[in-house]
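Take a look at the structure below.
Computed from the coordinates by the stated procedures, all read-outs in this text should not be read as laboratory data. Since this is a predicted model, take the numbers as computed values, not measurements. Cβ coordinates were reconstructed from backbone atoms using ideal geometry, including for glycine residues, and neighbour counts include every protein chain displayed.
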Amino acid sequence: MNTCSAEFLVEPFEVGKPGPHVMAAVDAVREMGFDPVVGPFGTTIEGSPERVIAAVKQLLDAATAAGASRVSLQIDTCGR
């Protein structure tokens with residue numbers, strides 16, 4: 001099975017104090033069944049390419065609806 005990882009950073013952010021826009025993105029991927037790894041400067045999820053790509057849309061929708069000014073995203077190893 002091919003796996004894919006996505007790391008996202010939702011801004012504005014303050015280390016140790018994620019705002020509602022950050023938590024909205026994290027909660028969106030949790031609701032899709034991911035167990036995100038939340039780090040000080042980004043959050044990572046891993047799964048099949050289809051699931052990760054679908055989760056990216058959900059996290060973008062949630063973060064922007066909650067007031068994010070910017071979402072940086074990196075996707076790795078999405079071979080099919």
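Whole-Hz Karplus values for the stretch 64-70 come out as 5, 5, 8, x, 5, 8, 6 Hz, taken residue by residue from phi with 6.51 cos²θ - 1.76 cosθ + 1.60 and θ = phi - 60°; glycine and proline positions read x. Stretching SER5 away from VAL37 to a fully extended chain increases their span by 10.4 nm, per 0.36 nm per residue minus the current alpha-carbon distance.
The phi torsions of the stretch 11-23, fed into the Karplus equation with coefficients 6.51, -1.76 and 1.60 and a -60° offset, translate into couplings of 10, x, 9, 10, 3, x, 9, x, x, x, 5, 5, 5 Hz, rounded to whole numbers, with Gly and Pro shown as x.
Relative contact order of the stretch 4-76: what whole-number percent is it, with Cα pairs under 8 angstrom and at least 6 residues apart?
Values: 120 pairs, mean separation 37.4, N = 73.
Once divided by the residue count of the stretch 4-76, the mean separation gives 51 percent.
Backbone amide hydrogens, once placed in the peptide plane, bring GLY19 within less than 5 Å of GLU14, excluding anything fewer than 5 places away on its chain.
Our helix-only sum for the chain, with -39,500 (n - 2.57) per DSSP H run of n ≥ 4 divided by its residues, gives a mean residue ellipticity at 222 nm of -12000 deg cm²/dmol. Largest GNM mean-square fluctuation across VAL52, VAL38, VAL29, computed for the chain with C-alpha springs under 10 Å, falls on VAL38. Applying the Karplus relation 6.51 cos²θ - 1.76 cosθ + 1.60 with θ = phi - 60° to the stretch 52-58 yields 3J(HN,Hα) values of 5, 5, 5, 5, 4, 4, 5 Hz, where x marks Gly and Pro. Per the Debye calculation on the chain with a single equal scatterer at every Cα and no solvent contribution, log₁₀ I(q)/I(0) for q = 0.15, 0.18, 0.19, 0.20 Å⁻¹ amounts to -0.45, -0.64, -0.70, -0.78.
Which order do GLU31, GLU14, GLU46 fall in if you start with the one that has the fewest other Cβ atoms within 10 Å? Intermediate values should be presented prior to the final figure.
On the way: GLU31 11, GLU14 8, GLU46 17.
Going from least to most buried by this count: GLU14, GLU31, GLU46.
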